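Chemist: Once you've had a glance at the structure underneath, I'll fire off some questions.
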Amino acid sequence: MLVRLFPDPLMLAAVQAGVTGVCALIVAYLAWRWELRVEREIVVALGRGLVQVVLVGAVLLFIFQGPFAVGVLVLGLMIGVAGHMAARRAQGLPDAFRVSVYSILLGSGLLIGVMVGLGVIETRLPVFIPVGSMLVANSMTTVSLAFNRLRGEVDAHRGHIEAALALGASPHVAIMPYVRAALLASLIPRVDSLRSLGIVWIPGVMTGMLLGGSHPVQAAFYQFVIVALILTGSALTAMTALLFMGRRLFTRAEQLRLR
Amino acid sequence: MVDTEGCVPLLRAVELSRVVDGKALVQGATFTLYPREVLAVVGPSGSGKTSLLRLLNRLDEPTSGTVYLNGVDYRTISPRELRRRVGLVMQVPYLFPGTVADNVRFGPRQAGIILSDKAVEALLARVGLPGYGDRDVTHLSGGEAQRVALARALANRPQVLLLDEPTSALDEEAKAGIEALLQDLLASGEFAAVLVTHDLAQAARLAQRVLVMEAGRIVRSGPVKEVLRAGSAFP
Ligand SMILES: Nc1ncnc2c1ncn2[C@@H]1O[C@H](COP(=O)(O)OP(=O)(O)OP(=O)(O)O)[C@@H](O)[C@H]1O
Ligand SMILES: [Mg+2]
């Protein structure tokens, strides 16, 4: 019905947004009528969400017109912010910000580079930026989980680590069981999402492509590409982050820090 | 370096101190350990006995001072080599998951030596656990676990064994067993030992000399009988 009234797709989208907004406002009105006191939250959240998402859309419109270098710059900034967020979960692990940034750079950045080189990820910015940001965001979550778990393991097993050192083990040998545990723990969400792919959930990219009218099997393949890249990038990131961090937990005289 | 008594010291700590966050855990500790000797370290809880012991195999870094092992400054020895020569058994055994034999083989394997089944069995027999090699460590009693920790440390053939209250986490019966075992092992003269203990009677039974610590300092030292008779006024 709306499609016939508004043939211009941008106009159509705006009107669709308006219709959903009006529906939400009706619910807010009911909440006010029935004195349930959530009308303010609903209205504020609606306004905020609309402004934020349209702003991001406008920024993307601007960015998408730029050269490829702009995309690289945007991802670079995202990696910096991601490193900062991951480091906040490190609870006193030494050098957490630097280790996070380097490992996300290596894990996601390198993978994105190789995939762009092979043509698996398109260089068109509307593809490059969202796909790249998904990899970065997932690497970030994985590093957070890995650091959080490593910290817990070291706290729980300080005695075992020092017993190993006292028997003449290298720091690498002493910390390895706990690096392994942290790696596994950090990758479980990624592995599970691959395992349940298509059965429990139809993820974002596929949904988007289906909404855009793509062939379902083509959409499925592309979704697999994304999820597989996320797992690969996250694993590479977590492995680098944990191995770097594992070394930094010891002094040059091979003493465990964090006492 | 030859001492006045004409004996070459095995280990010599010189003005060892460790300060953490402005607090002196160990302050100016100087003492000598001779070959085959057992030196007890006693003192009230929190006086720095464990802190001192951890400096001797460089598990912690001295803020100042150093240790000479066979006359050589231990900072010039690689930490792994140093820790193989100066073994440590803690209050809690901290066994690694796996079998008893895995634990006994751990130390030598770090130096690229794979102990034969016979060598493992010989070590286990020495600590009173013959035939225990294939047992999973999760099912050991406290006393058995501490024996495995001892066998694991002995597997490196240390020159010095550091013992941090090796019996204090055990019940009376296991405690007596471990103490008898220690008496045996120490009498073999294969290594010297520094024994931290709360138990003055145990110190008197196992050691020849004793250091008394208070608030990070060595306040008295000498032959066990003299020192412990002179002032045993701490809890
Ligand atoms: N890493 C550390 N940082 C700060 N203080 C510490 C540290 N390790 C130990 N201490 C403190 O140093 C003091 C000496 O501790 P230490 O464990 O050496 O005593 P101890 O003589 O072995 O006591 P106990 O008989 O109870 O085992 C204590 O007050 C302890 O709280
Ligand atoms: Mg202690």
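Chemist: Looking only at region B:42-55, count every residue that is more than 14 Å from every other protein chain (Cβ to nearest Cβ) and more than 8 Å from ligand 1 (Cβ to nearest atom) and tell me the total. Explain how you work it out, then say what you get.
Modeler: If we filter region B:42-55 for residues that are more than 14 Å from every other protein chain (Cβ to nearest Cβ), which is where we start, we get B:42-49, B:52.
Subsequent filtering for residues that are more than 8 Å from ligand 1 (Cβ to nearest atom) retains B:42.
The qualifying residues number 1.
Chemist: Turning to a different aspect of this structure: Just to verify a result, which residue in region A:235-259, among those that are touching a residue at least 40 places away in the same chain (Cβ under 8 Å) and open to solvent by 80 Å² or more (accessible area, probe 1.4 Å), is nearest to the other protein chains (Cβ to nearest Cβ)?
Modeler: Kept after step one, since they are touching a residue at least 40 places away in the same chain (Cβ under 8 Å), are these residues of region A:235-259: A:235-250, A:254-259.
Now drop any that are not open to solvent by 80 Å² or more (accessible area, probe 1.4 Å), which leaves A:239, A:243-244, A:247, A:257, A:259.
Details: A:239: 22, A:243: 19, A:244: 21, A:247: 14, A:257: 11, A:259: 8 Å.
Checking each candidate, the answer is A:259.
Chemist: Out of region B:112-164, which residues are loosely packed, with under 13 Cβ neighbours inside 10 Å, away from chain A (no Cβ under 14 Å) and assigned to a helix (DSSP H, G or I)?
Modeler: B:117, B:118, B:139, listed by residue number.
Rundown of residues vs (1) assigned by TED's automatic domain parsing to the domain that holds residue A:90; (2) farther than 19 Å from residue A:108 by Cα; (3) without any contact (Cβ under 8 Å) to a residue 40 or more places away in the chain, yes/no style:
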residue	(1), (2), (3)
A:187	yes, no, no
A:190	yes, no, no
A:207	yes, yes, yes
A:210	yes, yes, yes
A:217	yes, yes, yes
A:221	yes, yes, yes
A:224	yes, no, yes
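Chemist: Quick one: residue A:113 ticks every box in (1) open to solvent by 10 Å² or more (accessible area, probe 1.4 Å); (2) among the small types (Gly, Ala, Ser); (3) more than 27 Å from residue A:177 (Cβ to Cβ); (4) within 17 Å of the chain's Cα centre (by Cα) bar one, so which box is it?
Modeler: Among (1) open to solvent by 10 Å² or more (accessible area, probe 1.4 Å); (2) among the small types (Gly, Ala, Ser); (3) more than 27 Å from residue A:177 (Cβ to Cβ); (4) within 17 Å of the chain's Cα centre (by Cα), the lone unmet condition for residue A:113 is (4).
Chemist: I need a count of the residues in region B:43-66 that are within 11 Å of ligand 2 (Cβ to nearest atom) and at negative phi.
Modeler: Our first condition is that a residue be within 11 Å of ligand 2 (Cβ to nearest atom); within region B:43-66, this holds for B:43-54.
Still in the list and also at negative phi: B:44-45, B:47, B:49-54.
Of the residues in region B:43-66, 9 are within 11 Å of ligand 2 (Cβ to nearest atom) and at negative phi.
Chemist: Tell me, please, whether a residue that is out of contact with any helix residue (DSSP H, G or I) (no Cβ under 6 Å at 6 or more places or on another chain) and at pLDDT below 90 can be found in region B:206-222.
Modeler: Among the residues of region B:206-222, not one is out of contact with any helix residue (DSSP H, G or I) (no Cβ under 6 Å at 6 or more places or on another chain) and at pLDDT below 90, which makes the answer no.
Chemist: Another question, then. With respect to residue B:75, determine if the residue is among the basic types (Lys, Arg) and away from ligand 1 (no atom under 16 Å from the Cβ).
Modeler: Numbers: among the basic types (Lys, Arg): yes; away from ligand 1 (no atom under 16 Å from the Cβ): yes.
The answer is yes for residue B:75.
Chemist: A further question on this structure: Given (1) farther than 19 Å from residue B:166 by Cα; (2) open to solvent by less than 60 Å² (accessible area, probe 1.4 Å); (3) within 9 Å of another protein chain (Cβ to nearest Cβ); (4) touching a residue at least 24 places away in the same chain (Cβ under 8 Å), where does residue B:97 come up short, assuming only one miss?
Modeler: (2)
Chemist: Residues that are open to solvent by 10 Å² or more (accessible area, probe 1.4 Å): list the strands (runs of 3 or more DSSP E) wholly contained in region B:174-235 that include at least 3 such residues. I'd like the intermediate steps shown before the answer.
Modeler: On the way: elements: B:192-196, B:209-214, B:217-223.
Where strands (runs of 3 or more DSSP E) fall fully within region B:174-235 and carry at least 3 residues being open to solvent by 10 Å² or more (accessible area, probe 1.4 Å), they are B:217-223.
Chemist: Assuming residue B:58 fulfils every condition listed in (1) away from every other protein chain (no Cβ under 14 Å); (2) open to solvent by 10 Å² or more (accessible area, probe 1.4 Å); (3) in contact with a helix residue (DSSP H, G or I) (Cβ under 7 Å, 6 or more places away or on another chain) apart from one, which condition is it?
Modeler: (1)
Chemist: Now, a different point. Could you grab me the full set of residues in region B:15-41 that are open to solvent by 30 Å² or more (accessible area, probe 1.4 Å), within 16 Å of ligand 1 (Cβ to nearest atom) and more than 18 Å from residue B:74 (Cα to Cα)?
Modeler: Result: B:19, B:20, B:21, B:22, B:23, B:24, B:25, B:27.
Chemist: Could I ask something else about it? Checking residue B:69 against (1) within 16 Å of ligand 2 (Cβ to nearest atom); (2) open to solvent by less than 50 Å² (accessible area, probe 1.4 Å); (3) not acidic (Asp, Glu): exactly one of these is not met. Which one?
Modeler: Residue B:69 satisfies every listed condition except (1).
The values are calculated or read from the model by the stated rules, or taken from the named source; none is laboratory data. Bear in mind that the values here come from a model prediction, so they are computed numbers and not experimental data. Glycine also receives a Cβ, built like all others from the backbone with ideal geometry; neighbour counts cover every protein chain displayed. Ligands, DNA and RNA are stripped out before the accessible areas are found, and what is left, the full protein with its side chains, is counted by its heavy atoms. Shrake-Rupley method; radii C 1.70, N 1.55, O 1.52, S 1.80 Å.
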